[in-house]
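Data first, discussion second: the structure below is written as C-alpha cells.
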Amino acid sequence: MEKSIAVVGGDLRVIKLIEMLVKDGYKVYTYALENSEELLSMDTVEMCPTLEETVKECKVVVGPLPLSSDRKRISAPFGRNDVTLEEFIECLEGKKLIAGNIIIKDELEEKGIESIDLFRREEFTVLNTIATAEGTIQLAMEETSRTVHGSNVLVMGFGRIGKVLANMLDGIGAKVYCEARKDEDIAWIKAYGYNPIHLNDLNEHLGKFDIIINTIPFQVLDKDRLELVNPEVVIIDIASNPGGVDRFAAKQKGIKLIWALSLPGKVAPISSAEFIKETIYHILEEE
C-alpha cells in the first residue's frame with residue numbers, strides 16, 4: 001500500500017522535509033509550494049491545483065511552522081496564492097494536522113479535527129533550540145562591530161532556548177548575564193556560572209550590555225526600559241509574535257533591533273527538517 005502524506009505551505013524546512021519523505025518512499029501531495037523549483041523536478045511529489053485535491057488521499061496533513069504569522073493566513077512563502085485559516089480548516093475534516101504553533105486548535109476541536117502542535121512536543125522543541133541558538137549567535141556576529149567574545153551579553157528568559165543560548169555564548173567567551181523572574185531559575189543561573197539578574201532588578205543593569213537577546217514572548221523591553229539601554233546596543237528578539245520589545249519605541253530611539261522569527265528555517269533548514277521528520281515519525285508510531 002502506498003504511503004502518502006499532504007503538505008500545505010511552509011518554508012525551506014518543509015521543502016527539505018518533503019525531499020526526505022520522498023526518499024523514505026512517501027508519495028507527497030502539496031499545495032501552496034508552487035514556487036519551489038526544488039520540488040518541481042520530483043516525480044513522487046504532486047503539486048495539486050486545489051486544497052481539496054491535496055488532502056483527499058491522505059490521512060495526515062503537515063502544515064507550516066508556525067502555522068500562521070498574521071493569524072489570518074497560513075505561512076506560505078513559496079505559494080502563489082494566499083490560504084486563509086478558514087479555508088484550511090474546511091479541508092481538514094477526518095484528517096490529522098501536524099504543524100507548529102497551531103493557533104486555531106479550538107476551532108479544530110469544535111469540528112472534531114485532531115491536531116498535534118510540534119512546538120509542544122518536547123523532543124522537537126529541544127532539538128529546535130539548537131538551530132535557534134546558533135542562528136541567533138550568527139546574527140549577533142553579523143550585526144555587531146565587535147566580537148561576541150568579551151562582550152556583555154544579556155539573555156532575557158531562562159527557558160529552553162535561554163539555557164542553550166547561554167551555554168553557547170559562554171563557550172565562545174561572552175560575559176553572559178541571564179534574566180529571570182523565578183527564584184528557582186535564578187538559582188540555576190548561578191549554578192551554571194552565569195551572572196543572574198532578577199526581572200525586578202533589570203533596570204539597574206540595562207545600560208551595560210553590548211548585546212541583548214530576548215526570548216520572552218511578551219513585552220519586557222518597553223519604552224521606559226529602552227531609555228536605559230546603551231545607545232550602541234544590538235537587540236535581537238527571537239520571541240514569537242508579538243515579541244518582547246517595543247519595536248516602535250526602538251525605532252524612534254534609533255536602537256538597532258532585529259526581530260528574528262523562524263531562525264531554524266533560515267540558518268539550518270536541513271537539520272530542522274530532520275528534526276521535523278523524526279518527530280512526525282514518532283507521532284505516527286504512537287498510533
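Structure summary
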item	result
When residues of segment 237-258 are limited to those that are part of a helix (DSSP H, G or I) and charged (D, E, K, R), the one nearest to the chain's Cα centre (by Cα)	R247
Pairs where the first residue, in segment 73-97, is over 20 Å from E110 (Cβ atoms) and of a type in the set (S, T, Y) and the second is surrounded by fewer than 20 Cβ atoms within 10 Å (Cβ to Cβ) and modelled with pLDDT under 95, C-beta under 9 Å, 6+ apart	S75/S69
Filter pass, L154 being crowded, with 21+ Cβ neighbours inside 10 Å and farther than 26 Å from G207 by Cα	no
Per-region count, segment 1-18, residues part of a helix (DSSP H, G or I) and either over 17 Å from M47 (Cβ atoms) or free of Cβ contacts under 8 Å to residues at least 60 places away in the same chain (or both)	2
Selection count, segment 142-177, where residues are of a type outside the set (A, V, I, L, M, F, W, C), within 30 Å of I103 (Cα to Cα) and assigned to a helix (DSSP H, G or I)	3
Selected residue (criterion: farthest from K277 (Cα to Cα)) from residues of segment 114-149 that are at pLDDT below 95, of a type outside the set (G, A, S) and touching a Leu at 6+ places or on another chain (Cβ under 7 Å)	T132
Per-region count, segment 157-184, residues within 15 Å of G207 (Cα to Cα) and either touching a Ser or Thr at 6+ places or on another chain (Cβ under 8 Å) or basic (K, R) (or both)	1
Single residue of S145, S151, S115, S69 found to be over 30 Å from I235 (Cα atoms) and of a type in the set (G, A, S)	S115
Neighbours by Cβ (under 8 Å, 6+ apart or cross-chain): first from segment 39-63, of a type in the set (S, T, Y); second assigned to a helix (DSSP H, G or I) and surrounded by fewer than 20 Cβ atoms within 10 Å (Cβ to Cβ)	T44/V22
Failed criterion for K59 (all others in (1) surrounded by fewer than 18 Cβ atoms within 10 Å (Cβ to Cβ); (2) within 27 Å of N241 (Cα to Cα) hold)	(2)
Residue match in segment 197-215 (condition: without any contact (Cβ under 8 Å) to a residue 40 or more places away in the chain and outside any helix (DSSP H, G or I))	yes
Only one of A273, A249 that is more than 22 Å from L65 (Cα to Cα) and either aromatic (F, W, Y) or surrounded by 16 or more Cβ atoms within 10 Å (Cβ to Cβ) (or both)	A249
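The values are calculated or read from the model by the stated rules, or taken from the named source; none is laboratory data. The model shown is predicted, which means the values in this text are computed figures rather than measured ones. Please note: Cβ atoms are built from the backbone with ideal geometry, for glycine as well, and neighbour counts cover all protein chains shown.
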